[in-house]
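In what follows, a structure is listed as structure tokens, so that the remarks can point back to it.
Here, each number is a calculation from the coordinates, and none is a lab measurement. Remember, predicted model here, so these are calculated numbers, not experimental data. Note that we place each Cβ from the backbone using ideal geometry, even for glycine, and neighbour counts take in every protein chain shown.
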Amino acid sequence: KRLKIPFHVRASKAKNAIASKLFNLMESKQSTICLAADLTKADAVIELADLTGPHIVLFKTHVDILEDFSNDFIKRLKELAKKHNFLIMEDRKFADIGNTVSLQYEKGIYKIAEWADIVTVHAIAGQSIIDGLKNGLQKISESRGLFILAEMSSKGALTIGEYALGAVTIAQSSDMVAGIVCQSNIFSNLGLVQLTPGVKLSQGSDNTGQQYNTPEFVVNSGADLAVVGRGIIEAEDKLAATLEYKEKLWTAYLKRISD
Ligand code: 5BU
């Protein structure tokens, strides 16, 4: 049933402000792309954000792969997020006890809580990880959202069966959660966003276990937002590739809600 409901209706069902913002952004930009900016130089990430920004809704970072991270990088990225109207997700995959994730979120070199609209979180540690992350937000006044990992895209992932269902239960337990990262249609809550990584124009895999499905396949498997990394960042013409994924994903979404 969730798959048939348009994003603007689901925006009004979301308990988390960031989830609602994502649904509205997808609708207004007619884009369901979460771009995985897996590049190791700050200038290259910034250039990518400026190029693709108008056509994406979520810019996904792994700040710990940058060789030249600085506070200035964050300042420039935030400026572009404002200019092009996209949100930023640090794909940190928090997985520790509450006290530790609270420190990892708020402190250290990256101070993720200060700038990431969204972070990703493993369910392995149990529901209390959400309370830990909430603790890391005491000095933050802006809205924040979490994406809980229920299923991973890699070959042989242990995120199956009871584990995946348990992760969905955890995701539904708090209004801090904006969505669920998964590969299949495993939840029905209208107000949560399904984010699906492992997307390329043709099905296949890389040589380190990543498994890819097509835009049409993932949308029919429930993806609201599709994570595209190398499909765009390794393309000769990154802008043309972004537009191609955007069009294919949006067409599949329109077909999904109308069929
Ligand atoms: P790719 O280049 O499209 O394969 O990049 C996929 C991105 O999504 C990459 O940044 C991963 O860290 C991220 N990812 C994933 O591939 N699979 C998962 O299950 C999760 C995240 Br969770």
### Query
For Gln194, all conditions in the list (1) away from the ligand (no atom under 11 Å from the Cβ); (2) part of a loop (DSSP other than H, G, I, E, B); (3) out of contact with any helix residue (DSSP H, G or I) (no Cβ under 6 Å at 6 or more places or on another chain) hold save one; what is the number of the exception?
(2)
## Note on the structure
Among Ile148, Ile124, Ile170, the single one that is part of a loop (DSSP other than H, G, I, E, B) and within 16 Å of the ligand (Cβ to nearest atom) is Ile124
### Query
List the pairs whose first member sits in the range 199-211 and is more than 17 Å from Ser184 (Cα to Cα), whose second member is more than 10 Å from the ligand (Cβ to nearest atom) and among the aromatic types (Phe, Trp, Tyr), and whose Cβ atoms are under 8 Å apart, counting only residues at least 6 apart or on separate chains?
Leu201/Tyr245
### Query
Which pairs have Cβ atoms under 8 Å, sit 6 or more apart or on different chains, and link a residue in the range 70-84 that is within 17 Å of Lys41 (Cβ to Cβ) to one that is charged (D, E, K, R)?
Ile74/Glu114; Leu80/Asp50
### Task
Quick one: count up the residues across the range 2-54 that are in a helix (DSSP H, G or I) and in contact with a strand residue (DSSP E or B) (Cβ under 6 Å, 6 or more places away or on another chain).
5
### Task
Please enumerate the residues belonging to the range 198-222 that are within 12 Å of the ligand (Cβ to nearest atom), of a type in the set (Gly, Ala, Ser) and either crowded, with 16+ Cβ neighbours inside 10 Å or part of a strand (DSSP E or B) (or both).
Gly198, Gly204, Ser205
## Note on the structure
Sole miss for Phe59 among (1) part of a helix (DSSP H, G or I); (2) within 16 Å of the ligand (Cβ to nearest atom); (3) buried (at least 19 other Cβ atoms within 10 Å of the Cβ) is condition (1)
### Summary
Leu133 fails exactly one of (1) closer than 15 Å to Tyr105 by Cβ; (2) part of a loop (DSSP other than H, G, I, E, B), namely (2)
